[in-house]
1. Take the conditions among the aliphatic types (A, V, I, L, M), part of a helix (DSSP H, G or I) and open to solvent by 30 Å² or more (accessible area, probe 1.4 Å) and apply them to Leu63. Does it pass?
2. Considering only residues that are among the acidic types (Asp, Glu) and part of a loop (DSSP other than H, G, I, E, B), look in segment 263-309 and name the one that is modelled with the lowest pLDDT.
3. Say we look at segment 414-447 and pick out the residues that are within 11 Å of Gly477 (Cβ to Cβ) and assigned to a loop (DSSP other than H, G, I, E, B); which of these is most open to solvent (accessible area, probe 1.4 Å)?
4. Could you list all residues from segment 100-126 that are at pLDDT 95 or above, assigned to a loop (DSSP other than H, G, I, E, B) and surrounded by fewer than 18 Cβ atoms within 10 Å (Cβ to Cβ)?
5. What single numbered condition from (1) of a type in the set (S, T, N, Q); (2) part of a helix (DSSP H, G or I); (3) surrounded by 17 or more Cβ atoms within 10 Å (Cβ to Cβ) fails to hold for Ser147?
6. Can you work out which of the residues in segment 1-33 that are at pLDDT below 95 and within 18 Å of Gly263 (Cα to Cα) is most open to solvent (accessible area, probe 1.4 Å)?
7. Can you list residue pairs whose Cβ atoms sit under 7 Å apart, with the first residue in segment 166-186 being open to solvent by less than 40 Å² (accessible area, probe 1.4 Å) and the second being modelled with pLDDT under 95 and part of a helix (DSSP H, G or I)? Count only pairs 6 or more apart in sequence or on different chains.
8. I want to confirm something. Restricting to segment 34-60 and keeping residues that are touching a strand residue (DSSP E or B) at 6+ places or on another chain (Cβ under 7 Å) and part of a loop (DSSP other than H, G, I, E, B), which single residue is most open to solvent (accessible area, probe 1.4 Å)?
Amino acid sequence: MGPFSACFLFFILLSASSSEGGTIGVNYGRVANNLPTAANVVQLLKSNGIAQVKLYDTDSTVLRSFAGSGIKVTVALPNELLYSTAKSSSFAFSWVQRNVAIYCPATQIQAIAVGNEVFVAKNLTNYLLPAMTNVQAALVKLKLDKSVKVSSPMALTALQNSYPPSAGVFRPDLAEPVIKPILELLRQTGSYLMINAYPFFAYEANSNDISLDYALFRPNEGNLDGGSGLKYYSLLDAQIDAVVSAMSALKYDDVKIVVSETGWPSKGDSNEIGANAQNAAAYNGNLIRRVLSGNSGTPKRPAGDMDVYLFGLFNENQKPGPTSERNYGLFFPNERKVYDIDFVLGNSHTNNPKGNMSSWEEDRPKGNKNNNNNNNNNNNGAGAPGSVRESSTGETWCVANGALGKERLQQALDYACGEGGADCKAIQPGAACFEPNTIEAHASYAFNSYYQKKGRSMGTCFFSGAGYVVSQTPKIGNCELPTRV
């Protein structure tokens, strides 16, 4: 069996064995002079259960280090090569041969990102489609087109309008001449549109109008889209659905979206509102939990699983710009976590409905509503900043996330009071905590009973996303939820 057909067979086997739910990957940038070796990075990813990585180049040492690791890799053709790739099919073929084919199948290269946020630099826009077309043709010639997809990460600046999500449209200079034929290429090749989406930027610029809970996937009142009648409980959902609406206007509802970059900085300058470790832990931790639990569909695409690449793997000390640019990392260069989150579900030994667990638990923000203190982290690599599992007194409670709706809360409530063994006598008719007689109130009591009974073990307040941890005493009518230390 030749190397290219072997690569294709390996891809088929991986596809057949993939689990339900979305996937979490990371962007591995290297604009720094203090990072661990590529071999160490591979071991770091494997030890944390991270099975997908996106690169910004095709460095040979890095790609060889991923050989045999089982980690799927997306490589990049940089913007500076777009012109040559667009103008010469032979150049494109040679590039794919030298930077992709020779590493396959030992290194599982699954995609090529042709350029990055190309529309930001107008002088490159006209070269993107022909470059993607030539790279795709090279993959076909090398019999790699079934296992390696071609796409190009797009920034939200490609949208003329993004609010409300139902009014999302692409810029007129891009929609018909550029984006529509790119979407056609993605459709014909079974590929996907890569989107770089950062709720942090929207929140930072509009913190008086955007709720921090809305930006961080925390329970909130939601925002109604008057155009579609859909309600949004997450800013990332709204950003993605603005792109979905723009694609729909061009009749490309069927093309999948992959979030190729998203993240939240753990540190920023004094004017970078919301840039701190606690918010970064909340954003990334909640997003990971949501994606992996299979609840990642957006209001416009509720059945769709979301594949997400977090930005970024490390704090990169040589990146230019504001302080936040050097503090998006999940890990310090010494390989310690910047804040304490997990990248897989089920790391806890405790039981949970449907087996969906995460050992990361978030608290609701305390004190300042916007939680904008930028000075609550340090760079010692200890992983403590942003760890938001418990209050300083150690007292925490588990309450229901009403944003998920009555049906899902009822399912979790039934589990807690049944198989879970929670003490639900107090929420029976006529009992002390029966009023208010609502699903959310009863679920909060049952979830907390289960959580306390399990000793507040990590993962016991998940309930498939229906529960979350708080550190201030919650009340249900006149009934305070119990706790034990």
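1. Details: among the aliphatic types (A, V, I, L, M): yes; part of a helix (DSSP H, G or I): yes; open to solvent by 30 Å² or more (accessible area, probe 1.4 Å): no.
So Leu63 fails the test.
2. To start, the set of residues in segment 263-309 that are among the acidic types (Asp, Glu) comprises 269, 272, 305, 307.
Now drop any that are not part of a loop (DSSP other than H, G, I, E, B), which leaves 269, 272, 305.
Values: Asp269: 96, Glu272: 97, Asp305: 83.
Within segment 263-309, the match that is modelled with the lowest pLDDT is Asp305.
3. Here the residue is Glu435.
4. Ala106
5. (2)
6. Thr23
7. Leu174/Phe119
8. Tyr56
The values are calculated or read from the model by the stated rules, or taken from the named source; none is laboratory data. Keep in mind that what you see is a predicted model, and the values were worked out from it rather than measured. Virtual Cβ from ideal backbone geometry, glycine too; neighbours counted across all protein chains shown. For accessibility, only protein heavy atoms count, side chains too; no ligands or nucleic acids. Shrake-Rupley method; radii C 1.70, N 1.55, O 1.52, S 1.80 Å.
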